[in-house]
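*Asks:* Take a look at the following structure, please.
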Amino acid sequence: MNNRSISNRPKTVGLVSLGCPKNTVDSEAMLAQIGQAGFILTGDLQADIVIVNTCGFIEPAKQEALEVIRQAVKQKKKGRLGKLIVAGCLPERMGTALLEEVPQIDAIIGLGQRDRIVSIIQTLLESSDKKPAGRTFLQQADSPIFDDRERLLISPSHWAYLRISEGCSRHCSFCTIPSIRGKFRSKPLDWVLSEAQQLAEHDVLELNLIAQDTTSYGRDLGIKNGLITLINELGKIDKLCWIRLMYLYPAAVDEPLIDAIAAGPKVVHYIDIPIQHVNNTILRAMHRSDTKEHTADLITLLRKKIPDIVLRTTVIVGFPGETDAQFQELLDFIQWAKFDALGAFPYFAEAGTPAAELPQQVPQPVKQQRLDTLMLTQQQIAFQKAQQLVGQEITVLADGRDENGNLIGRYYGQAPQIDSVCLIQSPSIEPGQFIQARVIGRKDYDLIVKTK
C-alpha cells in the first residue's frame with residue numbers, strides 16, 4: 001500500500017471511558033460527534049487517535065486514569081497508536097501539570113471543550129509529527145451546559161443515563177467537584193424531555209437520572225419543585241418503563257418529593273441518598289447541611305410512605321478528626337438503617353479542598369481498618385436482605401450476559417453497573433425483555449431467579 005492510500009484511508013478513533021455516569025454521557029456525546037464526522041470508531045488503544053476520558057474525583061480515580069494513559073503511551077511507542085488525547089476531569093483538575101507527568105500526550109481537553117472534539121482531532125491529524133506534543137484545550141468548567149441529545153450509547157441499548165444538570169454549588173469540604181465541574185447548572189427542561197423522548201424512541205426502557213445534586217434540579221432556572229415537575233413529565237413518555245433517581249442530597253429530600261416518587265407509576269422505588277456520615281460534628285466539618293436526626297427521620301419517613309423502597313447510600317470513613325466513638329456512631333447507624341446497598345470510601349486528602357488542611361488527619365491503617373469493619377457489617381445486612389427475597393416473585397429487566405456467560409438482569413432495586421444483579425436461569429431471554437421471575441436463592445450479593 002503506498003503512502004497516498006494510507007493517508008487517504010478513513011481514520012480510526014478509539015475512546016476509553018473512565019469514571020462516573022456523568023463521564024459516560026460525555027463519552028457518548030463525543031462518540032456521536034466523531035462518528036458523524038466520518039471516523040471509524042474502535043474500542044481499544046490501537047487507533048490513529050485514542051481518547052482517554054478520565055475521572056479525577058479522588059486519588060484512586062486519578063491513579064487509574066494515569067495507568068490507562070501510560071498503557072496508551074506504550075502502544076504509541078510501539079507504533080500502534082497515532083495521537084493521544086486525554087479528556088475529562090483529570091485535565092480540568094491537573095491542567096498542564098498532566099503534560100509534565102506524561103509528556104507523550106498530544107493534547108489535553110477540558111470539560112468545556114467537549115463539543116470541539118472533532119475539530120481538535122482534525123487539528124492533530126493535520127499537524128506535522130515533528131511538532132511537539134502537548135497541545136492544551138482548556139477553559140473554565142462553568143461554561144454553558146452542554147446539550148446531550150446526540151449520543152452514541154455505550155450502555156446496553158435498553159437503558160441509559162439521563163443527565164439533568166452539571167456541576168455543584170454545595171462545596172462539601174472534602175469534594176473536588178465544584179473546582180472540576182463548576183457551579184450547579186440545570187439543563188433546560190425542554191432539553192431533558194426531548195432527550196428522554198429520543199432515547200425512548202430508540203427503545204430505551206429505563207432512564208437513570210444523574211447529576212452531582214439531583215434534588216437541586218431547576219432551582220437556578222426558577223422552576224419550583226423542579227425534580228417533581230421533571231419526573232411527572234417524564235412519566236408521560238409512553239415507551240419509558242422505569243425512571244430511577246440517583247444522587248439525591250439527603251437534606252433536600254422533602255415530603256412532597258417522597259409523595260411524587262410514591263405516586264409516579266414509572267418511578268422505581270429506589271433512591272440513592274449519599275449521607276457521607278451521621279456524626280453531627282463530622283457533618284459540620286464536611287460542610288454538609290444535614291444532621292443525624294434529620295437523616296434518621298428521613299429514612300423512617302421514606303419507609304413509612306414507600307414500604308418497598310430500596311435505599312442506597314455512600315459514606316466516608318476516616319475523615320479528619322474522626323474518633324473511635326464517632327466511627328462507632330456511624331457503624332451503629334448503619335446497623336439501624338439497614339441500607340439495601342452501600343458504598344464506602346476511606347477519606348482522601350484532596351489538594352485544594354478545605355478538609356485537606358484540617359488537623360488530626362487519620363492514619364491510613366486506621367482508615368482501612370474502619371472501612372473493613374463497616375463493609376463487613378454492610379455485607380451481613382445485604383446478605384440478609386437478599387435472603388429475605390428468596391421465594392418472592394419479582395419483575396426483572398434482562399441486561400445480557402456477563403463475562404462468564406451468565407444471563408443477568410436486574411429488578412427495580414438494582415441500579416446498573418453499581419449494584420448486585422439477578423442471575424437468570426432461563427436460556428431464552430433476550431436483553432431488554434421484562435420477565436416475571438421467582439427468587440430461588442442467592443450467590444453472595446446477587447439473586448438467583450427463575451422464570452415462571
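*Asks:* Residues to consider are ASP220, ASP190; find the one that is free of Cβ contacts under 8 Å to residues at least 12 places away in the same chain, in a helix (DSSP H, G or I) and not basic (Lys, Arg).
*Replies:* After ruling out the rest, the residue left standing is ASP190.
*Asks:* Can you tell me how many residues in the stretch 187-207 are touching a Ser or Thr at 6+ places or on another chain (Cβ under 9 Å), crowded, with 21+ Cβ neighbours inside 10 Å and not β-branched (Val, Ile, Thr)?
*Replies:* So the count comes out to 1.
*Asks:* Sticking with this structure for a sec: Give me the residue from the stretch 424-445 that is over 24 Å from VAL204 (Cβ atoms) and without any contact (Cβ under 8 Å) to a residue 60 or more places away in the chain and, out of that set, surrounded by the fewest Cβ atoms within 10 Å (Cβ to Cβ).
*Replies:* PRO427
*Asks:* Let me ask something else. Out of the residues in the stretch 17-53 meeting the condition of being closer than 21 Å to GLY343 by Cα and not small (Gly, Ala, Ser), tell me which one is surrounded by the most Cβ atoms within 10 Å (Cβ to Cβ).
*Replies:* The residue in question is LYS22.
*Asks:* For the list (1) touching a strand residue (DSSP E or B) at 6+ places or on another chain (Cβ under 7 Å); (2) part of a loop (DSSP other than H, G, I, E, B); (3) of a type in the set (D, E, K, R), I need the number of the one condition that ASP238 fails.
*Replies:* (1)
*Asks:* State whether the residues of the stretch 222-231 include one that is out of contact with any Phe, Trp or Tyr (no Cβ under 7 Å at 6 or more places or on another chain) and polar (S, T, N, Q).
*Replies:* Within the stretch 222-231, one or more residues are out of contact with any Phe, Trp or Tyr (no Cβ under 7 Å at 6 or more places or on another chain) and polar (S, T, N, Q).
*Asks:* Next up: Could you figure out which of (1) surrounded by fewer than 23 Cβ atoms within 10 Å (Cβ to Cβ); (2) farther than 14 Å from ALA29 by Cβ isn't true of GLN113?
*Replies:* So GLN113 meets the others, but not (2).
*Asks:* Just for the stretch 318-366: of the residues that are hydrophobic (A, V, I, L, M, F, W, C) and assigned to a strand (DSSP E or B), which one is surrounded by the fewest Cβ atoms within 10 Å (Cβ to Cβ)?
*Replies:* PHE345
*Asks:* Could you look through the stretch 243-301, keep only residues that are of a type in the set (Gly, Ala, Ser) and in contact with a helix residue (DSSP H, G or I) (Cβ under 6 Å, 6 or more places away or on another chain), and pick out the one that is nearest to PHE327 (Cα to Cα)?
*Replies:* Checked the stretch 243-301; the qualifying residue nearest to PHE327 (Cα to Cα) is SER289.
*Asks:* Going residue by residue through the stretch 237-245, is there one that turns out to be surrounded by 22 or more Cβ atoms within 10 Å (Cβ to Cβ) and free of Cβ contacts under 8 Å to residues at least 40 places away in the same chain?
*Replies:* The answer is yes; a qualifying residue exists.
*Asks:* Still on this model: Here are PHE327, PHE319: which of them is closer than 23 Å to CYS175 by Cα, of a type in the set (Phe, Trp, Tyr) and under 26 Å from the mean Cα position of the chain (by Cα)?
*Replies:* PHE319
*Asks:* Another one. Search the stretch 311-326 for residues that are within 8 Å of GLN276 (Cβ to Cβ) and pair each with any residue that is assigned to a loop (DSSP other than H, G, I, E, B) and hydroxyl-bearing (Ser, Thr, Tyr) when their beta-carbon atoms are under 7 Å apart and the residues are at least 6 apart or on different chains.
*Replies:* If the second residue must be assigned to a loop (DSSP other than H, G, I, E, B) and hydroxyl-bearing (Ser, Thr, Tyr), the pairs left are ILE316/TYR347.
*Asks:* Among the residues that make up the stretch 306-317, is at least one of them charged (D, E, K, R) and either under 17 Å from GLU59 (Cα atoms) or out of contact with any strand residue (DSSP E or B) (no Cβ under 6 Å at 6 or more places or on another chain) (or both)?
*Replies:* The answer is no; no qualifying residue exists.
Readers should treat all values here as calculations from the given coordinates under stated rules, not as data from a laboratory. All values derive from a computational prediction rather than experimental measurement. When we count neighbours, we look across all protein chains shown, and the Cβ atoms used for this are built from the backbone with ideal geometry, even at glycine.
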